[in-house]
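Report on the structure given below.
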Amino acid sequence: MSKPKFVYVTFIRATPEKVWEAITSSDLTEKYWFGYRVSAEGKPGDRITAMSPAGQKAHDDPILESDPPRRLVYGWKPLYKDVPNERASRVTFELKSIKGQTRLTVTHDDFDEGSRIFEMISSGWPAVLSSLKSFLETGQGLEPTWVEEEKPWLK
Amino acid sequence: MDEVFRALADGSRRELLDRLRAGNGQTLGDLCDRLNMTRQAVSKHLGILEEANLIATVKRGREKLHYLNPVPIHEIGERWIGKFERSRLQALSDMKKALEARGE
């Protein structure tokens, strides 16, 4: 196993089942993942797909592991226009129930040396995870805070 | 959130976070290198940072790797910095950096 590049942890006041639903159902991701519809409800071998708010396909990757509501692993290759063509990296979600909260750990790894996509995503996950936490705790996700000119690939 | 501010209130702990920002996924040994602190002190600071969820750790074999976890800091930013202020703040921060660089 390669050394993970990013490990993000957030504690969410919700059950692992709720968190699982929020990260796999496109109807729910749309409400906090800045309008993206991310569908990851299938079994290993099925696809995880993501559609941008503009209706562009942003991801179409294999689900590698799925053990609801504990562990979800999928490939990760952005299909946005103007994104460097690199092989898929890997995202792992681990959910653990702790004192009425869920500890959600997102690990993003399996990048090639010198990956440019790795540089581009570093600010994305904290924004998504903060918004997910707000969404599950208050019913409302956050507004995107990045400056769009800096991330033209997200348009 | 109190824990986050308490953890950030210490210069040594901020330095450890800076080091992880420069190189994510370091072991305790890596972090002690060229640092004017005992191994025990570094270990204690890392414990406080982990407690505040500012770092995440991953066990790999016998090693424990430390990662900067920016999610709580992001949440603080979200609380007090709105969507529209961010680009103005970025511009000001870029200007400050550019002017300071010229003065060097």
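What follows is calculated from the coordinates using simple rules that are stated; it is not laboratory data. On a predicted model such as this, the values are computed, not experimentally measured, just so you know. Please note: Cβ atoms are built from the backbone with ideal geometry, for glycine as well, and neighbour counts cover all protein chains shown.
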Along its three principal axes, how long is the range B:2-102 when you only count alpha carbons? Whole Å, largest extent first please. 45, 33, 25
Suppose each label sits 7 Å from its Cα in the direction of the beta carbon; what would the A:ASP67-B:ASN36 distance come out to in nanometres? 4.7
Give the distance, in whole Å, between the Cα centre of the range A:101-143 and the Cα centre of the range B:26-104. 16
Over chain B, the sum of -39500 (n - 2.57) across DSSP H runs of at least four, divided by residue number and rounded to 500 deg cm²/dmol, gives at 222 nm -19500 deg cm²/dmol
Pulled fully out, how much extra length does the chain show between A:LEU79 and A:GLU137, if you take 0.36 nm times their separation in residues and subtract their Cα-Cα distance? 17.8 nm
Estimated dipole of chain A in Debye, rounded to 20 [Cβ of Lys and Arg +1, of Asp and Glu -1, Cα centre]: 380
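Between A:PHE11 and A:GLU30, what is 0.36 nm times their sequence separation minus the Cα-Cα distance? Round to one decimal in nm.
Extra length available between A:PHE11 and A:GLU30 comes to 4.8 nm.
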For a quick check of your reading of the filter: which trypsin sites (Lys or Arg not before Pro) in the range B:20-92 sit in a DSSP loop and have no more than 16 other Cβ atoms within 10 Å? B:ARG34, B:ARG62
Per the helix-only calculation at 222 nm, which mean residue ellipticity applies to chain A, given -39500 (n - 2.57) for every DSSP H run of n ≥ 4 and division by its residues, nearest 500 deg cm²/dmol? -7000 deg cm²/dmol
Between B:LEU28 and B:SER43, what is the spin-label point distance in nm, taking each point 7 Å from the Cα along the Cα→C-beta axis? 0.4
Taking the convex hull of the alpha-carbon atoms of chain A and averaging its shadow over every direction gives an area in square nanometres of 8.7
